[in-house]
Structure formats: C-alpha cells, structure tokens
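Where a number appears in this text, it was derived from the coordinates with a stated rule and is not lab data. As the structure is a prediction and not an experimental result, all values here were calculated from the model. Ideal geometry is used to build each Cβ from the backbone, glycine not excepted, and the neighbour counts take in all protein chains shown.
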Amino acid sequence: MELKQVAINHIHEKLGAKMTPFAGFSMPLRYTSDIEEHNTVRNGVGVFDVSHMGEFIITGDKALDLIQKVTSNDASKLYDGKVQYSCLPNDKGGIIDDLLVYRINEQSYYLVVNASNIDKDWAWISQHNTMGATMSNVSDTTSLFAVQGPKALATLQKLTDINLSDMEYYTFKTGELAGIDSVIISATGYTGAGGFEIYVQNKHAEHVWNAIFEAGAEFSIKPIGLGARDTLRLEMGFCLYGNDIDDTTSPLEAGLGWITKFSKEFINSDALKKQKEEGINKKLVGFEMLEKGGIPRSHYEIKDNDGTVIGVVTSGSQSPSLGKGIGLGYVDIKYSEVGSEIFINIRQKNMKAQIIKLPFYKK
C-alpha cells in the first residue's frame, strides 16, 4: 500500500528528516537526534507536523446526542471554545480510540482522532449515528502543527492578535494567524511542555509553517520528529493508542476513569459501570528502572520477586530529562501500588524497577 504524504512532505525531505512509515503516512521520525529534539521542546520551542491526525466535524441539532452516545466523557459540560479529552468505547469493554472533542458552538463539534484509526472511527461513529447528525470528514484537507515548549507562546503571539496568554489549558480560539483567516489555535499538546496546536487548511500549510519558523528564529526554533514526540509524551505518562490502550483494554484499567462518566449513558456504559463496581484485575502503571543500563521496551515481561510473570510493558524508553529507563505497563492489580518493587525482563535478565506516581517528569 502506498504511503500517504502530509501537505508539506517536501519541506521535511529538504530539511533532511529521516522519514518513516507511521499509521499509513510517511512521517518525519527525526531531523537531528531524538535527545536534541526532546530537549529543544522541554527548554525552548519545537514544531511537530502531526497532519496525519484525523479531523471530523459533527453538526446539527443532534450533534451532541451522537457525541454523548459514542464517547465516554460528558460532552454536555463543554462550552464554546472548550476542548475535552475522551475515548470511544467499543461494545466489548475496550477502546476504539482516544480523541479530543472541541465545541465550536451548541450545534457544531470538531473531533480529533488518531491517524491509524481514522477509517475505523469514522465507520464506528457513522454506524451509531441513528439520530441524523451531519458528519464531515476533513482529515485529508487539514494540516496540524504542534508548536510546543516554553517559548511557544512568545513565538506564536507575533503572528496573531488573539491574546494567547489568556487561553487556559484545553481551550481554543478560531481567528487569524500569519495573515490566514479561520485558523484553529488550541492550547493543547502531547508533550507536557506547554504550547499550542494549529489547524489550517492544507493550501495554507507551507505559508503557516514558514511563518512559525520565522517568528521562532530568535528562540532557536527547530522541527521535531515522532521519536522525540514519543519520549516527551512518555515522560508525562500519556497513553499512546496501539501501545498502552487498544480494542482490548478498558478505560478503567488504563487509568482513564476520569474520562468515563456514568452520569450519562454511552456505548457499553453498563458493562463498564459493572466493572467499576466489581473492581479491575489489572491496571496500567508507570515505573522507573532502579538498575543502570536497563531500558524497558514494549512487550517485555514484568515479573515479581519470584520470577512469576505479573504483567507486560506497553511503552518504554530511556528518559532524556531524567537520565533513566521509564515505562508504562499493565500489572496484576495487587502489584499496582505506588512504591511496589517489580522486575522487567531485559535481555533475559530480570532488572529491578519501582512503580511510581505519574507523571515521571515534574516541572
């Protein structure tokens, strides 16, 4: 299958990015080194082209009804300009996808979904659209840039009259940026370093990208690839779909009870409510390695003191900010307490680790 390309693929190639197949797209993995790019975002400002993500618009009198039915969080709590993190539960106790829900107005919502799940999510939401909400898939015409880091605000403020310092976390505004109208500027991100996400039409993508780099030049702004995106999100303990959550993991097991609201009915809510009442058997935890040289990776076994397998690593890496191995994984519930000692099987050796409270990286 031929890989899709983002609108400014030619710019990434010109910048010398190492391109990699990801979720059906050719995406920049890194431009220099993962550690250098990671530190750029933590300390300055970097830009990710994440235009592979999917965007759906749901409108009409029944828009909210549909969103309430298919998502686990309570979208009735949203107001104009507010963003909500949520998930699409399936009917077997797992998660179709995690997503962001933007309320444009009472009858208009913007959903942002994972690239690998665009077709699956569209089919699922369409299947449950029995109330006649109007749906539009704008994924192929939308570019998304994540401008992240402590200097993101100073960079972007040069390009817009919208007062960015007034924007609270998980809110958005629509307005002019770099001379382009109707740009969505969202105070969201996947890095824990602060910043904004910028949604523009593909036809304006190159202009906006170049304007951002011009504005950020004094802060040594750099393009950032998917490699650093993964270590940044892992340091915050953020779930990655396909690794830490999937069609078989319950939102309660994944520590996403806070976005699972039983104040309303949604797909499979009765079964999830029952699971909450009866208790879960496994839980997603964060752990850090206590022995040097141990880098945990996805699918590595987690063991107890006796060498019995008690779980599996779902995400793992050497943390550039902390200088040690960190990871997420599911363990039997009785081993999930913060402070518990566990062992990660790395190259046939059981290496000591400890469960800690997330996030790993604390500002």
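Can you work out ³J(HN,Hα) from phi for every residue in the range 294-310, in order, using Karplus 6.51 cos²θ - 1.76 cosθ + 1.60 and θ = phi - 60°, giving whole Hz and x for Gly and Pro?
For the range 294-310, the Karplus curve yields x, 10, x, 10, 3, 6, 5, 6, 10, 10, 8, 4, 8, x, 7, 5, 10 Hz.
State, to one decimal in nm, how far the label point of Asp91 lies from the label point of Glu206, with both points 7 Å from Cα in the Cβ direction.
Result: 4.7 nm between the two label points.
Show me, for the range 133-140, the HN-Hα J-couplings you get by feeding each phi into the Karplus relation (A = 6.51, B = -1.76, C = 1.60, θ = phi - 60°), rounded to Hz, glycine and proline as x.
For the range 133-140, the Karplus curve yields 5, 8, 10, 9, 9, 9, 4, 6 Hz.
Using the beta-carbon distance between Glu176 and Thr134 and R0 = 35 Å, what value does 1/(1 + (r/R0)^6) give for FRET efficiency, to the nearest 0.05?
That pair, Glu176 with Thr134, gives E of 0.85.
Hey, what do the phi angles of the range 90-99 turn into as Karplus ³J(HN,Hα) couplings, whole Hz, using 6.51/-1.76/1.60 and θ = phi - 60°, x for Gly and Pro?
These are the phi-based 3J(HN,Hα) values: 8, 8, 10, x, x, 10, 5, 5, 9, 7 Hz.
How much FRET efficiency would the formula 1/(1 + (r/R0)^6) give for Asn43 and Ala217, where r is the Cβ-Cβ distance and R0 is 25 Å, rounded to 0.05?
My answer for the efficiency is 0.95.
What residues from the range 269-294 fall in the zone where the backbone N is under 20 Å from a label point 7 Å along the Cα-to-C-beta line of Lys357?
Under 20 Å, as judged by backbone N against the label point of Lys357, lie 283-290 of the range 269-294.
If each residue's Cβ is checked for other Cβ atoms within 10 Å, how do Thr231, Thr134, Thr160 rank with the fewest at the top? Walk me through the intermediate numbers first.
Values: Thr231 23, Thr134 15, Thr160 20.
The fewest-first ordering by Cβ neighbours comes to Thr134, Thr160, Thr231.
Tell me the GluC sites (Glu not before Pro) within the range 122-221 that lie in a loop according to DSSP and have at most 10 other beta-carbon atoms within 10 Å.
Taking the range 122-221 and a limit of 10 other Cβ atoms within 10 Å, the loop GluC sites (Glu not before Pro) found are Glu168.
Could you line up Glu291, Glu337 from fewest to most neighbouring Cβ atoms inside 10 Å?
Numbers: Glu291 15, Glu337 11.
Ranking Glu291, Glu337 by Cβ neighbours within 10 Å, fewest first, gives Glu337, Glu291.
Given the options Val331, Asn281, Ile295, identify the residue whose Cα lies farthest towards the positive end of the charge dipole of the range 281-356 (+1 on Cβ of Lys, Arg; -1 on Cβ of Asp, Glu).
Positive-most Cα among the choices belongs to Ile295.
Could you please rank Trp124, Trp258, Trp209, placing first whichever residue has the fewest other Cβ atoms within 10 Å of its Cβ?
Starting with the residue having the fewest Cβ neighbours, the order is Trp258, Trp124, Trp209.
In percent, what relative contact order does the chain have, based on Cα pairs under 8 Å that are 6 or more apart in sequence?
17 percent.
Tell me the mean residue ellipticity at 222 nm calculated for the chain from its helices only (DSSP H runs of n ≥ 4, each -39500 (n - 2.57), averaged over every residue, nearest 500).
About -6000 deg cm²/dmol.
Picking from Leu177, Val41, Gly242, whose Cα lies most toward the positive end of the charge dipole for the chain (charges on Cβ: Lys, Arg +1; Asp, Glu -1)?
The listed residue farthest towards the positive side: Val41.
Taking Cα centroids, how far is the range 249-317 from the range 8-61 in Å?
28 Å
How long is the gain from Tyr169 to Thr20 if the chain were fully straight, where each residue apart is worth 0.36 nm and the alpha carbon distance is subtracted?
50.5 nm
Sequence-distant or interchain residues sharing an amide H contact under 5 Å with Thr142, placed H: which?
Residues meeting the criterion, in which the H sits 1.01 Å from N, are Asn202.
Can you list residues from other chains, or at least 5 along the same chain, whose modelled amide H is less than 5 Å from the amide H of Gly195?
The list, which skips near neighbours in sequence, is Gly149.
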